[in-house]
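All remarks here apply to the structure that follows.
Bear in mind these aren't lab numbers, they're just calculated from the coordinates by the rules spelled out. The model shown is predicted, which means the values in this text are computed figures rather than measured ones. Positions of Cβ are backbone-derived with ideal geometry, glycine not excepted, and every protein chain shown enters the neighbour counts.
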Amino acid sequence: MPVRKITVNVEPRPYDAIIENGLLRTVGAHISETMGRNARVFVVSVPPVRKHWKATLGKSLKAAGLQHDWLEMADGERQKHLGAIEKLATKLVERRADRGSLIVAFGGGVVGDVAGMLASIYMRGIDVVQVPTTFLAQVDASIGGKTGVNLAVGKNLLGTFHQPRAVLIDPEVLKTLPEREYRSGLYEALKCGVIANPEIFDYMEQHRERILQRDPKSLEWLIAECVQVKADVVAADERESGLRRILNFGHTIGHALEADTSYKVFLHGEAVAWGMVAACMIASGMKKSSAETSRRIISLVLQYGQLPKVQLRGRSIVRRLLSDKKTHNGVVHFVLPTEIGKVEVVRDVREQAVVQAVDELRKLSKR
Ligand SMILES: NC(=O)c1ccc[n+]([C@@H]2O[C@H](COP(=O)([O-])OP(=O)(O)OC[C@H]3O[C@@H](n4cnc5c(N)ncnc54)[C@H](O)[C@@H]3O)[C@@H](O)[C@H]2O)c1
Ligand SMILES: [Zn+2]
């Protein structure tokens, strides 16, 4: 099987994302090739990942002659706060990490964000390699250099841009991912299909069973195609001025659903799934897309499993959208599909259209 290597073209230094089944066993070799043998490695991870994969990673670092330490943070989104970074940074100092040390972020998006931010500010910035272990982190969070933590008053409000030196993706580690986490990540892949690459969309339509069974070959292909989409968008718009917005397809309403239920009902991808359904309804209502395009997208979303029910009313989502801290001057942007593989960023969606779409989600949930 050919190795998939995708270059993320950012300034000042492009880096590669490598996608390959079994890659965890050669992570050490890749690191010493990219960074030289002298870097001291500090792996940041969480207990569930340690349990399944520490031995494999450790062996591979050792085989490459890399001296390494294991640093752990507690698991879960609630751990994504400044306190976690302070604790890890203190451990780094105690273990004499210096400016030449390397952090390996080994976990899902939470670890990627925390370890990435830690690397960006420890001694004013040290290198980080991302080794993502959830589907969501493999196709999305590990690429693009965004890092961040939450504040009690809102998510991802503190953060930095800090591009990794490399992103090393082994689809095989997904074997141990809980089913719901896995499926939730798949909606981000579906998103990549809708916003930029119809081949991904067709593939997900045609190979649903294989993908749900986590067939390694299918995953290697799917993840690589999604990484390509994200890499292209990031390279064109490193600091998120315009184009990166298309990655927010499904996220406008998705974020509102998550926030309105205090992040307790939906996993991120599940909320995005509903958000994509709503965006399709809005798009066909505004005649941005054909009814057939919307139907195809909605149907594929619903084929990837049962989503938690939407119980709130459209009105409260609209209130939520307008009060979102990231909303500028009351203008809410929607990313709407025009055809499969193309989207448009729209600012003039009528409130009533949003209310109606969310009320439709509620009805769909009841089926
Ligand atoms: N920086 C970005 O560009 C970006 C983009 C999207 C999302 N994010 C962030 O990513 C976070 C969500 O990431 P996530 O969905 O990966 O959640 P997560 O990191 O919390 O991981 C989900 C769960 O799976 C466990 N896990 C991870 N890998 C495993 C494996 N291989 N086997 C068994 N269990 C495993 C984790 O320990 C955790 O319990 C959010 O905080 C979000 O803000 C960041
Ligand atoms: Zn997302």
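Rg and Dmax of the stretch 204-258, using alpha carbons, in Å: what are they?
Expressed in Å, the Cα Rg and Dmax of the stretch 204-258 come to 14.4, 38.
Gaussian network model of the chain, Cα springs within a sub-10 Å range: biggest mean-square fluctuation belongs to which of 319, 244, 165?
319
What whole-number distance in Å separates the alpha-carbon centres of the stretch 175-191 and the stretch 197-262?
Each part's Cα centre sits 11 Å from the other's.
Taking the Cα centre of the stretch 27-160 as origin and charging only Cβ (+1 Lys, Arg; -1 Asp, Glu), how large is the dipole, in debye to the nearest 20?
The calculation lands at about 280 debye.
Express the relative contact order of the chain as a whole percentage, based on alpha carbon pairs under 8 Å and six or more residues apart in sequence.
Relative CO of the chain lands at 15 percent.
Under a 10 Å cutoff between Cα atoms, tell me which one of 69, 215, 348 has the largest fluctuation in the Gaussian network model of the chain.
With Cα springs under 10 Å in the chain, the top fluctuation among 69, 215, 348 is at 348.
Within straight cross-link reach of residue 264, meaning Cα distance under 16 Å, which aspartates and glutamates are found once same-chain residues fewer than 8 apart are removed?
Candidates past the 8-residue exclusion: 75, 77, 181.
How about residue 288: which lysines have a C-alpha closer than 18 Å to its C-alpha, ignoring those fewer than 8 places off in the same chain?
191, 342
State the dimensionless ratio Rg/Rh of the stretch 309-367 (Rg: radius of gyration of Cα atoms; Rh: Kirkwood radius).
1.01
Taking the chain as a Gaussian network, where each spring joins two C-alpha atoms under 10 Å apart, which residue of 73, 281, 204 fluctuates the most?
For the chain, modelled as a Gaussian network with Cα springs under 10 Å, the answer is 73.
How high is the relative contact order of the stretch 156-250, given as a whole-number percent (alpha carbon pairs under 8 Å, six or more residues apart)?
Relative CO of the stretch 156-250 lands at 29 percent.
With each pseudo-label sitting 7 Å past Cα toward Cβ, what's the residue 237-residue 161 distance in nm, one decimal?
The answer from the label model is 1.2 nm.
How far is it, in nm, from the label point at residue 342 to the one at residue 309 when both lie 7 Å from their Cα along the line to the Cβ?
It is 4.0 nm.
Using a simple charge model, +1 on the beta-carbon of Lys and Arg, -1 on the beta-carbon of Asp and Glu, nothing else, what dipole does the stretch 114-244 show about its Cα centre, in debye to the nearest 20?
With only Lys, Arg, Asp and Glu charged at Cβ, the dipole is about 460 debye.
When the dipole is taken about the Cα centre of the chain, and only Lys, Arg (+1) and Asp, Glu (-1) are charged at their Cβ, what size is it in debye, to the nearest 20?
About 800 debye.
Between the stretch 72-151 and the stretch 284-303, how far is it from one alpha carbon centroid to the other, in angstrom?
38
Sort 220, 94, 292 so the one with the fewest other Cβ atoms within 10 Å of its own Cβ comes first.
Ascending Cβ contact count within 10 Å gives the list 94, 292, 220.
Please quote Rg/Rh for the stretch 18-156 to two decimal places, taking the Kirkwood radius as Rh and restricting both calculations to Cα atoms.
When Rh is taken as the Kirkwood radius, the ratio is 0.94.
Could you state the orientation-averaged shadow area of the convex hull built on the Cα atoms of the stretch 76-178, in nm² to one decimal?
So the mean shadow area of the Cα hull is 6.5 nm².
Using just the alpha carbons, could you tell me how many Å³ per residue the convex hull of the chain encloses?
124
Compute the orientation-averaged projected area for the stretch 224-367 from the convex hull of its Cα atoms and round it to one decimal in nm².
Computing the convex hull of the Cα atoms and averaging its projections yields 8.6 nm².
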